[in-house]
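Shown next, in structure tokens, is the structure this report addresses.
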């Protein structure tokens with residue numbers, strides 16, 4: 001699969017083209033480093049015939065390296081298979097009691113199914129939250145002018161996910177913080193994430209508060225009474241609104257919002 005140039009992040013992963021545009025073009029510039037986090041020489045947790053590692057959703061384009069702990073030499077990839085989705089390395093030989101391995105890998109903190117879920121959720125939020133009548137759009141038929149606002153709301157959801165996960169030790173490990181902050185959960189990481197989240201939400205809410213965001217300018221259809229009110233027509237006109245009368249549009253032009 002193709003990747004973003006200079007990265008291990010795959011593009012075009014969704015079956016929905018609109019989702020691919022939002023993720024690959026609008027979200028990746030801000031989320032790129034979270035989508036290719038490198039873990040070096042992590043010891044694996046031993047399973048029946050393999051090893052489990054801290055994170056899932058490994059980038060399949062990254063060349064995984066596996067080492068025996070007692071031997072720094074990289075094992076040939078014929079000696080193991082990698083479960084990229086679950087973050088596991090399965091060995092092709094029977095493990096001995098003393099066997100242990102370390103692995104270097106790259107994982108995606110925001111895989112496509114997570115971002116796609118955030119996109120669908122925030123489309124529903126815009127349907128009900130924006131100024132104007134409630135709508136029932138989905139990602140396929142939502143107006144193109146929603147894309148900027150939608151990408152900001154999805155980015156805010158990503159920052160919220162990072163804030164929630166920071167309570168867990170492995171959520172802290174992805175940040176370059178010292179050992180003391182790792183234990184205590186200190187540092188200014190949460191403050192930075194809150195700022196990023198609030199900035200994205202502020203931009204999105206400013207758009208949602210625009211009364212023209214969902215209800216565009218439009219011209220109503222002329223009615224029969226409009227034509228009759230022009231008082232230009234046949235002589236068979238009877239009564240205020242009766243008979244047969246013909247007027248003219250005087251430059252009226254229907255647009256696509258009618």
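Just so you know, all these numbers are worked out from the coordinates, no wet-lab data involved. Every value quoted in this text rests on a predicted model; they were computed, and no experiment measured them. As a convention, Cβ positions derive from the backbone with ideal geometry for all residues, glycine included, and neighbour counts pool all protein chains shown.
For the pair residue 3 and residue 104 in one chain, pulling the backbone fully straight at 0.36 nm per residue adds 34.4 nm over the alpha carbon distance. Summarised in one figure, the compactness ratio Rg/Rh of the range 24-131, Cα atoms and Kirkwood Rh, is 1.15. Place a point 7 Å from Cα of residue 49 in the direction of its Cβ. Which residues in the range 78-121 have their backbone N less than 15 Å from it? Answer for this model: 79-83, 89-96.
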